[in-house]
Every structure is written in C-alpha cells, then in structure tokens.
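S.K.: Next up is a structure, given as structure tokens.
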C-alpha cells in the first residue's frame with residue numbers, strides 16, 4: 001500500500017504542468033466567482049441597475065428584507081414543504097433501499113430505475129405530467145400538490161445514501177441480533193437504525209436542500225402559492241426590487257449550502273455524496 | 001449460561017408475532033417494504049407520466065380550443081411544422097455546444113483531481129465542485145444576470161482592459177450576438193455551461209480515478225512522452241466518463257426552460273415551448289408531444305452511450 005502510494009506520488013510530480021494548473025484554477029474561478037459577486041451586490045447602494053463596481057456599500061437591504069411579510073411567507077412555505085417532503089422521502093427511500101438490499105426479486109432493476117427516473121428526466125417533464133394528472137383527476141392545487149411533486153424526486157436522494165450504507169453493513173449483524181433473541185423490529189431499532197443514522201441524516205439534509213431550492217416542478221404544481229424559489233423566479237423575470245432580491249439570494253445560498261456541507265462531512269468516509277448525480 | 005436459560009421467555013407481544021410472521025414469509029416483508037414506494041412512484045408518478053404521453057396522441061380543436069380525445073397523430077404532424085422544427089434544431093445545437101464546452105473546461109479539473117491531487121487538496125477540490133452543484137440553481141442563474149448585464153462586471157472588465165471594441169464586435173455577430181450579453185445566445189450558452197459544469201467534472205473524475213498509476217508509469221517506461229501518454233492512455237480511458245457527463249449536460253439543456261427565459265433572446269427552446277403550450281396556449285397535446293422530443297433524443301443518446309461503456313463511469 002505504502003509503496004504504491006509512493007509510486008503514485010512519484011508519478012504525480014512530473015506531469016502537474018503549469019498549463020494544467022492554470023486551467024484548473026480558471027475553471028474553479030469560473031465556478032465560484034459568480035457566487036461571490038452576489039455577496040458583493042447584496043451590499044450595493046445602487047437600486048435601479050446591476051452597475052459594477054457598486055457606487056457605494058450599505059447594509060440597509062438586510063433590514064429591508066427583514067420587514068417584508070411576502071418574503072417571510074415564501075420562506076415559511078418553502079420550509080414547510082421541504083420539511084414534509086423530506087419526511088416522506090426518508091420513509092419511502094429507506095423502505096425502498098431496505099427492500100433492494102435484502103431481496104433479490106423479479107423486476108429489481110426496473111424498480112431501481114423507477115426510483116432514479118424523477119431525477120433523470122428533465123424536471124419540466126415531471127412537472128407537466130403531474131400538472132396534467134392533477135387536472136385530469138380534478139385535484140385543486142394546494143400545499144399538498146407541491147409536497148407530492150417534491151417528495152417524488154427527493155426519494156432518490158435518501159435511497160442513494162441509505163443503500164450505500166446498507167451495502168457496507170454486514171448481514172451477519174442482523175443474524176447475530178436475531179440469534180440473541182431480538183425480533184425484526186428490535187433489530188431494526190437497535191442494530192440497523194444506529195448503523196444507518198448518519199446516512200439518513202445526510203440523505204435528509206440533501207433532500208431538504210433539494211426541495212428548498214426546487215423551482216421547475218414547483219411552477220407546475222403550486223397554483224397561486226409562492227415558495228421562495230418561485231418568488232425569486234418572478235423577480236428574475238421582472239426585476240422590480242433588485243436590492244431585496246440580492247439579499248434573498250445570499251440567504252438562499254446560506255440555507256442550501258450549510259446542509260450540503262453537513263451531509264458531506266457525515267458521508268465523506270470512503271464514499272461520495274450519494275445522489276451526486278442529481 | 002444456565003442463568004440465562006432459566007430466565008422466563010418474554011411474553012409475545014403483537015409486534016413480536018408480526019415480526020415472526022414477516023420472518024417466516026419474506027414475501028410479505030418485501031411487499032411491506034416495497035409497497036409504499038412503488039405505490040408512490042409507480043402509480044402516482046409513472047401513472048402521470050404515461051397519462052401525459054397518451055395525451056400527445058390527442059389533438060386540439062383549433063376553433064374551440066377544446067382537447068379532442070380521439071387517437072390521432074395530428075399533433076405529431078404539427079411538431080414537424082417548420083417553426084417547431086426550428087425550436088428543436090436550435091435546442092439540440094445549443095445542447096451539443098454546451099456539452100462540448102463543458103467537457104473542455106471540466107477535463108483539466110477532473111484530470112487534476114483524479115491523477116494529481118492527494119489528501120486534503122483532493123477533498124477541498126471535491127467540495128469546491130460539489131458546492132455549486134448543490135447550491136441554488138436560481139441564485140446561480142441570477143448571478144449571471146448581474147454579470148452579463150450591460151452595466152455589469154463583464155463590460156467593466158472589457159472597458160478597463162481597453163477592449164470595449166472587442167465586446168461590441170462579439171455582440172455584433174449575427175444570430176448569436178444581441179444588444180447585450182444577457183440578451184444573446186452567447187449569454188444563454190455561458191450560463192448553461194456554468195450551471196451544468198459540475199455534472200461533467202464528476203463522471204470524468206470517476207473514470208480517471210480508476211486509472212492505475214502503474215499504467216501511466218508503464219506508458220512512460222515504454223518511451224511515451226507526456227503528450228503521448230495523454231493522448232493514447234488518459235484520453236481513451238476518460239472517454240466513457242465524458243460520455244456519462246454529456247448525458248447530464250445534454251439532457252438538462254434539452255429540458256431547461258428557465259435559463260433561456262431569463263438570459264437569452266425571444267426565440268425559444270423546447271422547454272419554453274412546452275411551458276407556453278401547456279400554460280397560456282392551453283394546448284396540452286402539443287406540449288406533451290414536445291416533451292416526447294427530449295425523451296426520444298435521450299433514449300437514442302443513452303443507447304449510444306451504453307455501447308460506449310459510459311454507464312461504468314457513473
């Protein structure tokens with residue numbers, strides 16, 4: 001192992017050419033500078049345009065956002081939707097991953113494809129098919145239609161995380177628990193659950209972030225209600241209050257990146273953040 | 001040992017009996033585990049999807065605007081209308097251009113992550129690629145609205161460098177240019193590349209991660225120059241990863257309707273066509289037929305990708 005690592009380190013030294021490094025730095029700058037600019041714009045004194053460099057800096061927009069009931073309502077709706085979708089996704093995702101881990105059955109491949117489908121197909125297809133199904137079934141748009149859409153694509157994130165953990169869980173632990181007299185539920189409660197707890201937490205956080213940020217499916221399933229991304233989208237299409245939008249953007253970055261960083265630290269041991277292929 | 005054996009057996013609770021039944025009949029357990037997710041995804045989700053696809057075989061009455069529920073291929077015929085073919089062609093070209101650009105930018109990053117970086121650097125790089133992927137899509141699109149605006153930072157940088165004429169020249173190019181970057185295909189293209197870039201980096205990195213260092217050494221030992229090793233060893237081995245990444249960039253570009261709506265021209269893409277037909281126009285059959293287009297293109301694409309071994313790199 002050690003010699004291999006050494007060999008690898010030796011092989012690395014030669015080709016890390018300057019051009020390659022520059023390309024990496026340029027690529028990463030391209031990925032991150034836009035987000036940093038938003039942070040800068042949240043403090044600009046300019047209200048009517050996206051002028052760069054900002055003519056002056058101020059923190060007053062944060063106070064302005066604080067006093068906006070429409071934004072708070074949108075935040076509240078987004079949090080509620082994300083929380084409930086996450087709970088649904090946790091239950092369904094864990095059930096599905098347990099089934100696919102423990103059993104080998106006819107159609108197993110199709111089931112795993114079905115789980116990934118809502119995220120593999122473009123969101124617009126999921127959105128429009130749910131919308132037309134609601135209208136065919138004459139279901140009025142409501143809080144629950146939003147949750148239904150969100151939970152559908154959140155399941156796969158939980159599923160990916162939990163099944164990755166299951167695969168590293170030895171089946172003999174379950175047998176040992178049963179041999180010692182525990183029934184299936186006790187085994188789940190005392191052996192399996194502690195084992196997958198961090199995977200559930202990580203999957204749940206990612207599902208929450210995904211739902212909190214979702215806009216494409218939501219535009220089709222929301223009716224008149226406005227989640228935070230929908231509010232944001234309206235501002236993007238018809239900018240009316242740029243400074244306030246800038247502050248909301250910073251807020252969204254904070255809310256979505258914290259769970260992701262958390263999930264990363266929970267799962268980083270030897271596995272990728274499952275669901276990285278969203 | 002004996003003490004344990006003498007302990008009275010715990011009374012059998014209903015839960016314990018249920019557990020026993022499930023243990024003896026694994027099929028019931030499987031049903032209990034799989035039932036709820038299948039009911040949700042298989043019935044609600046897949047059901048809606050199939051219902052939508054079926055509606056593409058209906059047509060709309062041009063005068064009353066009412067959906068006529070009789071099997072017909074007329075709606076697909078409408079899809080072949082020059083204006084609609086234009087939309088499809090434009091979207092596919094944009095998807096192809098975005099895919100190629102994303103691969104070009106992603107490759108060095110993926111290569112460095114997989115073959116050069118170690119330990120902490122690698123973890124940080126990984127995080128730097130993952131963070132934009134998971135952070136807000138809308139906010140990242142919004143960032144480009146700030147950047148590409150006429151009074152924004154791009155114009156400012158070109159001015160500072162004394163290159164304002166160059167930017168004006170680029171914007172004057174017919175078709176892809178426009179009054180400002182945020183109202184041009186160039187802008188749409190940049191934002192697409194930016195948003196989907198991590199989806200390209202990660203599969204290439206995963207593919208290169210599996211290249212053993214000994215292979216590169218062997219190539220060098222056999223007298224290959226670094227350039228030759230790159231062309232003959234690294235590139236072919238990374239190719240399935242590029243194809244895997246292109247599945248994401250291609251499919252996501254085909255289906256997106258928000259980016260071209262916010263940054264771009266008035267001439268629309270497939271996603272916008274779907275949105276407009278189902279919304280203001282109320283023509284669900286045509287909208288459904290339009291959603292079939294990316295599905296068919298992606299099915300062909302996936303078939304080809306499978307042949308090229310892309311799925312091993314996912």
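Every read-out reported here was derived from the displayed coordinates using simple, explicitly stated rules and does not represent laboratory data. Since this is a predicted model, take the numbers as computed values, not measurements. Cβ sites come from the backbone with ideal geometry, for glycine too, and all protein chains shown count toward neighbours.
S.K.: Just the Kirkwood number for the protein assembly as shown, please: inverse of mean 1/r across all distinct Cα pairs, in Å, one decimal.
M.R.: 26.3
S.K.: Using a/c under 1.5 as the rounded threshold, could you call the stretch B:184-301 rounded, prolate or oblate? The axes a ≥ b ≥ c are square roots of the C-alpha gyration tensor eigenvalues, and prolate needs a/b larger than b/c, oblate otherwise.
M.R.: Because a/c hits 1.5 or more and a/b exceeds b/c, the stretch B:184-301 counts as prolate.
S.K.: Here's another thing I want to ask about it. Taking 0.36 nm per residue of separation and subtracting the Cα-Cα distance, what length does fully extending residue B:161 through residue B:218 add?
M.R.: My answer for the length gained is 15.9 nm.
S.K.: Based on the mean of other Cβ atoms within 10 Å per residue, sort peptides B:242-252, B:85-95, A:50-60 so the most packed one is first.
M.R.: Highest to lowest by the protection proxy: B:242-252, B:85-95, A:50-60.
S.K.: When the Cα atoms of chain B are enclosed in a convex hull and the volume is divided per residue, what value in Å³ results?
M.R.: 283
S.K.: Do you know the relative contact order of chain A, to the nearest whole percent, from alpha carbon pairs under 8 angstrom that are 6+ apart?
M.R.: After rounding, I find 28 percent.
S.K.: Could you let me know the centre-to-centre spacing of the stretch A:181-220 and the stretch B:89-104, using Cα atoms, in angstrom?
M.R.: If you average the Cα positions of each part, the centres end up 36 Å apart.
S.K.: Separation of the stretch B:219-238 and the stretch A:59-115 by C-alpha centroid, Å?
M.R.: 45
S.K.: Moving to a separate point now. Taking a point 7 angstrom from the Cα of residue A:48 along the C-beta vector, which residues in the stretch B:118-153 have backbone N less than 19 Å away?
M.R.: B:146, B:149-153
S.K.: Could you work out how much longer the chain between residue A:17 and residue A:167 gets when fully extended? Use 0.36 nm per residue separation minus the Cα distance between them, nm to one decimal.
M.R.: Answer, rounded to one decimal: 50.1 nm.
S.K.: Which percent of Cα-Cα pairs in the stretch A:64-269 sits in each 10 Å bin, short to long?
M.R.: Whole-percent P(r) values from 0 Å outward: 8, 29, 31, 19, 9, 3, 0.
S.K.: Related question: Among B:139, A:255, which comes first, second and so on when ranked by fewest other beta-carbon atoms within 10 Å?
M.R.: Lowest to highest Cβ neighbour count: A:255, B:139.
S.K.: With 10 angstrom as the radius, rank B:126, B:142, B:76 by how many other C-beta atoms surround their C-beta, starting from the fewest.
M.R.: B:76, B:126, B:142
S.K.: Could you put B:156, B:134, B:40 in order, starting from the residue whose Cβ has the fewest other Cβ atoms within 10 Å?
M.R.: Final ranking by Cβ density, sparse to dense: B:156, B:40, B:134.
S.K.: Partner chain Cβ atoms within 10 Å, averaged over the residues of B:243-253 - can you pull that number for me?
M.R.: 1
S.K.: Kindly rank A:171-177, A:199-205, B:54-60, A:109-115 from highest to lowest mean number of other beta carbons found within 10 Å of each residue.
M.R.: Ranked from most to least packed, the peptides come out as A:199-205, B:54-60, A:109-115, A:171-177.
S.K.: For every helix of n ≥ 4 consecutive DSSP H residues, a contribution of -39,500 (n - 2.57) applies; sum these over chain A, divide by its total residues, and give [θ] at 222 nm rounded to the nearest 500 deg cm²/dmol.
M.R.: It lands at -24500 deg cm²/dmol.
S.K.: Let me ask another. I'd like the mean, over residues of B:46-53, of how many other protein chain beta carbons sit within 10 Å of each residue's own Cβ.
M.R.: Mean inter-chain Cβ contacts per residue within 10 Å come to 6.
S.K.: If you don't mind, another one. Summarise the partner chain shielding of A:131-137 as one whole number: the mean count of Cβ atoms from other chains within 10 Å of each residue's Cβ.
M.R.: Rounded to a whole number, the mean comes out at 5.
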